[in-house]
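Just so it is clear, none of the values below were taken in a lab; they were calculated from the coordinates. Just so it is clear, the model here is predicted, and its values are computed rather than measured. Every residue, glycine among them, receives a Cβ derived from its backbone with ideal geometry; neighbour counts consider all protein chains shown.
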Amino acid sequence: MAKDVKDRAFTTVSGVPIEQLYTPEHIRELDYEKDLGDPGKPPYTRGIYPTMYRGRLWTMRQFSGFGSAADTNERFHYLLNQGQTGLSVAFHLPTLMGYDSDHPMSEGEVGKCGVAIDSLADMETLFKGLPLDKISTSMTTNAPATILWSMYLVVAEKQGVDWKKLRGTIQNDILKEYIAENTYIFPPKPSMKLIVDTFEFGTVQVPQWNTISISGYHIREAGSTALQELAFTLYDGIEYIEWALRKGLNIDDFAPRLSFFFNAHNDLFEEVAKYRAARKIWYKVMTERFHCRNPKSAVMRFHTQTAGCSLTAQQPYNNIVRVAVQALAAVLGGTQSLHTNSLDETLALPTEHAARIALRTQQIIAHETGIANTADPLAGSYFVERLTLDMEKGCWEYFERLDAMGGMVAAIEQGFPQREIQDAAYEYQKAIERKEKIIVGVNDFVMENEPPIDVLLIDESVAGEQIGRLRKVRETRDNGHVRSTLNALREAAAASSLNMMPLILDCVRAYATLGEICDELRSVYGVYEEPTV
Amino acid sequence: MSDKIRVIVAKPGLDGHDRGAKVIARAFRDAGFEVIYTGLRQTPEQVVHAALQEDADVVGLSVLSGAHMTLCPRIMELMKKEGLDDVLVVIGGIIPDQDIPKLKACGVAEIFQPGASTEDIVAYVRQHVRKK
């Protein structure tokens, strides 16, 4: 049985103490114009558009990818037919780590965590029958983001679609990889250079593309608190801007294409406060720290995904309810796009059935609940406003510490954000084991002998077929031309000041594989070794 | 040789999600074990080499990527080849029910799925370790 209610500490999911009652006394310092503003007006606490979801609903963008490019293409068509409004690609681990499917490190991983993409040929299959001028596509790729973006751009080229019409996002956020998710290849300096190259290239060539999605999602999944997620993510944003400015970019050229990505965990009000505070802090950072002039530079647009780490393998149907509450928080917080997790994601990649329920959850929130009728409906709540102010205050405190350390790359090298997150993750686990936090079906309300549910299994034959296709690409392309594009890439990487995007595009057009391109870059840039934390 | 239980915590494969590995490493340390964390992206050879070098009593593998049926049987095979039959091998991560009998058949002692408590894992290791 759960502990008696009166014996429990009343805290948020992140461990922040909550009072029994909030009254006007708690928000005495709140000034409507200064702290909130109408939706669509600075400091954007209440949302970035005056009409919010009346003008346009958030984009329903389900992260998806498994098996071969053909398998995932089929799932994309299915999701679009079911009313999904944007695509989001999950790549398998070898692609994310810059290895081809036939590399020894890829063994056992092909098509497992996402779709296997080795060359332009796979990318062409992935987007077969999908007009790239009509859909927006998000690609979760970081270390090799330049290469996968190049593949997408060349697919558009082949479809006859002008790059200026392309809409979408590359995650391209290496700092949170060093901090939390560990899918890095190169050391910080060349990694940051490649990211600044995408800012510079995108501004001119692909102006509607979000060249980065500065992500707190993975920081939270690694076990951070809501505040740490917010503070480290926004500070990562500051770090990218600093590097771009040092390269000589003009803030108002690239800042409007910076986008963000947050987690939606179980604690509804804490999450809403986080999103509201995020917009306000970013507005202040952009106007007060970076003195931007273009109003669009100071507007934070973000994607949200419900918290994978909150789902349970036990009684998995309960996850539908968790996801619904988390999605509600994202919408109440004014997200621009949303991925809702499937009920089976603690067990495997989602089945079509589970993915459909996840999408339907968003559609129910959008069309049945009335939540989208008015902007920022929780504004003015003594409780939510207090949480929002506290979230902001905590964030500035972290910024001061990170500034004192010399910025985020320096802080990462000292292991600071990593340690903060590990401590929080351990505390959370201990709190669950002490039953200070109840997880239904895990440490309370447990069921014996649960019936198993059907899960998606990736057949081992996927790997063999993928390697067959890869070998065919290597046999049928002009290998002399491939070699010359790779040589040019390596020389440019060594020269260091050139923008790498045009050179990577040339390699991709020649059907150089992702692994070959990464090998050239590894030979010049080296690889990152994580510090002991 | 100290009486402390020596544990290798390893992450084989390409997956970088190390929250679980780091939480369990810390729980083992708090339980008084000697813990060696190998770091990320270890090949089966590297894991077994570490077990041999460190004279480990226990090897804890964390796999979330779905590559466990390739990586774990190979690790078990190499362990046998190196004469590490008395080392207790446990796995934590996203392991579907249907793979559990196969993993146990190749010598894995126990599999801890999502939601397992660190207390239960520590207790299991204490009870089953064959201290040299």
Going through the range A:312-343 in order, the residues found to be in contact with a Ser or Thr (Cβ under 6 Å, 6 or more places away or on another chain), farther than 18 Å from A:His367 by Cβ and surrounded by 24 or more Cβ atoms within 10 Å (Cβ to Cβ) are A:Gln326, A:Asn341
Against the conditions (1) part of a helix (DSSP H, G or I); (2) away from chain B (no Cβ under 14 Å), where does A:Arg322 fall short? Just the number, please.
(2)
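Taking the criterion of being in contact with a Phe, Trp or Tyr (Cβ under 9 Å, 6 or more places away or on another chain) and not in a loop (DSSP other than H, G, I, E, B), would at least one residue in the range A:62-71 satisfy it? Let's see the steps before the verdict.
Applying the first criterion (in contact with a Phe, Trp or Tyr (Cβ under 9 Å, 6 or more places away or on another chain)) to the range A:62-71 yields A:64-65, A:69.
If we keep only those that are not in a loop (DSSP other than H, G, I, E, B) too, we end up with A:64, A:69.
Yes, because at least one residue in the range A:62-71 is in contact with a Phe, Trp or Tyr (Cβ under 9 Å, 6 or more places away or on another chain) and not in a loop (DSSP other than H, G, I, E, B).
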Restricting to the range A:177-209, what's the tally of residues that are touching a Pro at 6+ places or on another chain (Cβ under 9 Å) and within 14 Å of chain B (Cβ to nearest Cβ)?
4
Any residue in the range A:140-153 that is closer than 17 Å to A:Ser64 by Cα and in contact (Cβ under 8 Å) with a residue 24 or more places away in the chain sitting within a Cβ distance under 7 Å of a residue that is among the aliphatic types (A, V, I, L, M) and part of a helix (DSSP H, G or I)? List the pairs, counting only those 6 or more apart or interchain.
A:Thr141/A:Leu96; A:Thr141/A:Leu148; A:Tyr152/A:Met123
Residues of the range B:1-16 being closer than 19 Å to B:Asp120 by Cα, over 10 Å from the mean Cα position of the chain (by Cα) and either without any contact (Cβ under 8 Å) to a residue 40 or more places away in the chain or within 14 Å of chain A (Cβ to nearest Cβ) (or both), which ones?
B:Lys4
Quick check on the range A:116-123. Is at least one of its residues within 13 Å of another protein chain (Cβ to nearest Cβ) and touching a residue at least 24 places away in the same chain (Cβ under 8 Å)?
yes
Search the range B:23-48 for residues that are more than 10 Å from every other protein chain (Cβ to nearest Cβ) and pair each with any residue that is in a helix (DSSP H, G or I) and of a type in the set (Gly, Ala, Ser) when their beta-carbon atoms are under 6 Å apart and the residues are at least 6 apart or on different chains.
B:Val35/B:Ala25; B:Thr38/B:Ala50
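Any idea which of A:Asp376, A:Asp344 is in contact (Cβ under 8 Å) with a residue 24 or more places away in the chain, within 28 Å of A:Tyr49 (Cα to Cα) and assigned to a loop (DSSP other than H, G, I, E, B)? Explain how you work it out, then say what you get.
Values: A:Asp344 fails: within 28 Å of A:Tyr49 (Cα to Cα).
Only one candidate qualifies: A:Asp376.
One line per residue, one yes/no per condition, for (1) away from chain B (no Cβ under 14 Å); (2) under 21 Å from the mean Cα position of the chain (by Cα):
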{"site": "A:Arg276", "(1), (2)": "yes, yes"}
{"site": "A:Glu288", "(1), (2)": "yes, no"}
{"site": "A:Ala307", "(1), (2)": "no, yes"}
{"site": "A:Leu311", "(1), (2)": "no, yes"}
{"site": "A:Gln314", "(1), (2)": "no, no"}
{"site": "A:Leu328", "(1), (2)": "yes, yes"}
{"site": "A:Gly334", "(1), (2)": "yes, yes"}
Which one is nearest to A:Thr95 (Cα to Cα) among residues in the range A:154-181 that are buried (at least 23 other Cβ atoms within 10 Å of the Cβ) and in contact (Cβ under 8 Å) with a residue 60 or more places away in the chain?
A:Gln171
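Please pick out the residue among A:Met139, A:Met123 that is assigned to a strand (DSSP E or B) and not β-branched (Val, Ile, Thr).
On the way: A:Met123 fails: assigned to a strand (DSSP E or B).
Result of the check over A:Met139, A:Met123: A:Met139.
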Conditions (1) crowded, with 24+ Cβ neighbours inside 10 Å; (2) in contact with a Gly (Cβ under 7 Å, 6 or more places away or on another chain); (3) part of a helix (DSSP H, G or I) -> A:Ala273 fails only (2)
If you scan the range A:494-506, which residues turn out to be surrounded by 21 or more Cβ atoms within 10 Å (Cβ to Cβ) and either more than 27 Å from the chain's Cα centre (by Cα) or not in a helix (DSSP H, G or I) (or both)?
A:Met500
Tally time: how many residues in the range A:387-404 are without any contact (Cβ under 8 Å) to a residue 60 or more places away in the chain and surrounded by 20 or more Cβ atoms within 10 Å (Cβ to Cβ)?
0
Odd one out for A:Pro104 among (1) of a type outside the set (Phe, Trp, Tyr); (2) surrounded by fewer than 22 Cβ atoms within 10 Å (Cβ to Cβ); (3) away from chain B (no Cβ under 14 Å)
(3)
Residue under evaluation A:Asn294, criteria (1) away from chain B (no Cβ under 14 Å); (2) in contact with an Asp or Glu (Cβ under 7 Å, 6 or more places away or on another chain); (3) under 21 Å from A:Gln171 (Cβ atoms), criterion not met:
(3)
Looking only at helices (runs of 4 or more DSSP H) that fall completely inside the range A:151-259, which ones have 1 or more residues that are within 17 Å of A:Tyr398 (Cβ to Cβ)?
A:217-221, A:226-246
With the structure loaded, tell me whether B:Thr118 is in contact (Cβ under 8 Å) with a residue 60 or more places away in the chain and facing another protein chain (nearest Cβ under 10 Å) or whether it fails that test.
yes
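For A:Ile212, are the conditions met, namely being more than 14 Å from every other protein chain (Cβ to nearest Cβ) and buried (at least 24 other Cβ atoms within 10 Å of the Cβ)? Full working, then the answer.
Values: more than 14 Å from every other protein chain (Cβ to nearest Cβ): yes; buried (at least 24 other Cβ atoms within 10 Å of the Cβ): yes.
So A:Ile212 fits the description; yes.
Just a yes or no: is a residue in the range B:98-113 touching a residue at least 60 places away in the same chain (Cβ under 8 Å), away from chain A (no Cβ under 12 Å), more than 18 Å from A:Val455 (Cβ to Cβ) and surrounded by 17 or more Cβ atoms within 10 Å (Cβ to Cβ)?
Residues of the range B:98-113 that are touching a residue at least 60 places away in the same chain (Cβ under 8 Å), as a first pass: none.
No; the residues of the range B:98-113 include none that is touching a residue at least 60 places away in the same chain (Cβ under 8 Å), away from chain A (no Cβ under 12 Å), more than 18 Å from A:Val455 (Cβ to Cβ) and surrounded by 17 or more Cβ atoms within 10 Å (Cβ to Cβ).
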Name the one entry in B:Arg74, B:Arg19 that is at negative phi, within 14 Å of another protein chain (Cβ to nearest Cβ), among the basic types (Lys, Arg) and free of Cβ contacts under 8 Å to residues at least 24 places away in the same chain.
B:Arg19
